[in-house]
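A.B. asks: Right, I'll just put the structure down here and ask away after.
Each reported figure results from applying straightforward, stated rules to the coordinates on display, with no laboratory input. Computed from a prediction, not measured in an experiment: that's the story for all the values here. Cβ coordinates were reconstructed from backbone atoms using ideal geometry, including for glycine residues, and neighbour counts include every protein chain displayed.
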Amino acid sequence: MNLLERELHYPLGDQLPAPGETIEVAPGVRWIRMRLPFALDHINLWLLRDRIDGREGWSVVDCCISRPEAQQQWEQIFETQLQGLPILRVIVTHMHPDHIGLAHWLCERWQAPLWISSTDYHVARVLSTAGDTLAGGEAAAAFFAAHGLADPEALATLRARTSYYANMVPSVPDRFVRMMDGDVLDIGGRAWRCIAGYGHAPEHIALYCEELNALLGGDMMLPRISTNVSVHAGEPEANPLRLFLTSLERYRELPEDALGLPAHGKPFHGIHTRVRQLQDHHRDRLAELLAACTQRPHTAAEALPILFKRALDLHQMTFAMGETIAHLHLLWFSGQLQRRLGEDGVYRFGV
Ligand SMILES: [Zn+2]
């Protein structure tokens, strides 16, 4: 447990649901934990006891990536954890592969509708069918090269990377039900309010239930790791860190003793503390970058080691580049730094 985590409280301690099993964390809310084949090695999914059109069953929140191992873990859940009832609805917090990957399979298998924000639904569909034109190898390599990535081997590897998203999200259901900020979902007779969040995904939806005082925070409110906030090739002029920091303020409106149910990590108390930690974290990093770029102009590639001190593999490096650009963009859009395009076609940020 790191120092910041000590300021939070984990009501279940080190208890984790075993593969194929669930733990009830609030009345009618069951925690599923599935393995992921990444550095981020798991995702939390949730079963909510539900009743729709007079039918008893369950809503699921988030799906895991499309892989046979994940389907097998779901099959075990279906057999032993549903009390013989069907899945009635598939709720997806946002379009990242670990959240939406198996939505097509779950919706098809249970003839259940997909509930998601409109923005994330459409972005997922585009990426799953035509992802390479928007964010594929060539586009990503050109984007990172314009931000100072010069290593020919890294650029060649990036160029060769295709179907990255479609590989984990081979298809997206043909229809969806739209969730928007402020909408209230009736889930098994309880009201869950949608809280939109920006900067991590196009339109992430978290759900808060006042009766249970519980927040399904998705990736917007994580206790241990800081949410990835990146600029991507598909939207190269974005300012996602400003959006993320503004979105975090919404979680201050919730009671401090609300139970946080995150997509990664363990259920926790201390949402306000976590908001402050994340704001401090980004404020410190922005200050470090501003100091360095004030001394002399930096490309994102040059600024990256200021934020990421450890050695990174190519996959981690692409995330780190996206995050570094997000921090530089916030400083640029707020007028603290200027951006200049050099003769070499590379952007530099300075005063
Ligand atoms: Zn995510």
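A.B. asks: State, to one decimal in nm, how far the label point of ARG55 lies from the label point of GLU249, with both points 7 Å from Cα in the Cβ direction.
C.D. replies: Result for the modelled spin labels: 4.2 nm.
A.B. asks: While we're looking at this one, here's another question. What list of ³J(HN,Hα) couplings, whole Hz, do you get for the stretch 155-169 from phi and the Karplus terms 6.51, -1.76, 1.60, once you set θ to phi - 60° and write x for glycine and proline?
C.D. replies: Couplings: 5, 5, 5, 4, 4, 7, 7, 10, 6, 4, 6, 4, 4, 9, 9 Hz.
A.B. asks: Using the Karplus equation 6.51 cos²θ - 1.76 cosθ + 1.60 (θ = phi - 60°), what ³J(HN,Hα) coupling, rounded to whole Hz, does each residue of the stretch 326-332 give in order, writing x for Gly and Pro?
C.D. replies: For the stretch 326-332, the Karplus-derived couplings read 4, 5, 4, 5, 4, 5, 5 Hz, x marking Gly and Pro.
A.B. asks: Go from 0 up to the bin containing the longest alpha carbon distance in the stretch 1-118, width 10 Å each, and give me the % of pairs per bin.
C.D. replies: 13, 45, 32, 10, 1
A.B. asks: Charges only on Cβ, +1 for Lys and Arg, -1 for Asp and Glu: so what's the dipole of the stretch 180-225 about the Cα centre, in debye to the nearest 20?
C.D. replies: 180 debye
A.B. asks: Something else: Quick check: Cα centre of the stretch 84-127 to Cα centre of the stretch 201-235, how many Å?
C.D. replies: The distance from the Cα centre of the stretch 84-127 to that of the stretch 201-235 comes to 16 Å.
A.B. asks: Scattering from the C-alpha atoms of the stretch 1-44 alone, worked out with Debye: what is log10 I(q)/I(0) at q = 0.18, 0.27 1/Å?
C.D. replies: -0.69, -1.04
A.B. asks: Kirkwood hydrodynamic radius for the stretch 232-321: how many Å is it when counted over pairs of different Cα atoms?
C.D. replies: 15.6 Å
A.B. asks: Further, regarding this structure: List the residues whose amide H sits under 5 Å from the amide H of GLN338, counting only those 5 or more places along or on another chain, with H placed 1.01 Å from N in the peptide plane.
C.D. replies: Amide H neighbours of GLN338, under 5 Å, 5+ apart: GLY350, VAL351.
A.B. asks: Follow-up question, since we're still on this one. Hey, what do the phi angles of the stretch 242-258 turn into as Karplus ³J(HN,Hα) couplings, whole Hz, using 6.51/-1.76/1.60 and θ = phi - 60°, x for Gly and Pro?
C.D. replies: Running phi through 6.51 cos²θ - 1.76 cosθ + 1.60 with θ = phi - 60° gives 4, 4, 5, 5, 5, 5, 4, 4, 4, 7, 5, 6, 7, x, 4, 8, 5 Hz.
A.B. asks: Here is a follow-up. Thinking of the chain as a set of Cα atoms, what percent of all their pairs are more than 26 Å apart?
C.D. replies: 51 percent
A.B. asks: Please work out the Kirkwood hydrodynamic radius for the stretch 51-154, using every pair of different C-alpha atoms, and report it in angstroms with one decimal place.
C.D. replies: Averaging 1/r across every pair of different Cα atoms and inverting gives 15.8 Å.
A.B. asks: Return, ordered by residue number, the residues of the stretch 293-322 whose backbone nitrogen is under 13 Å from a label point located 7 Å along Cα→Cβ of PHE38.
C.D. replies: Zone members listed by number: 315-320.
A.B. asks: Sequence-distant or interchain residues sharing an amide H contact under 5 Å with LEU259, placed H: which?
C.D. replies: ALA214, LEU215
A.B. asks: Could you order the peptides 227-233, 147-153, 307-313, 61-67 from most to least packed, using the average number of other C-beta atoms within 10 Å per residue?
C.D. replies: Per-residue mean Cβ counts within 10 Å order the peptides as 61-67, 227-233, 147-153, 307-313.
A.B. asks: Given H placed 1.01 Å from N in the peptide plane, which residues other than close sequence neighbours of LEU36 have an amide H under 5 Å from its amide H?
C.D. replies: Amide H neighbours of LEU36: HIS42, ILE43.
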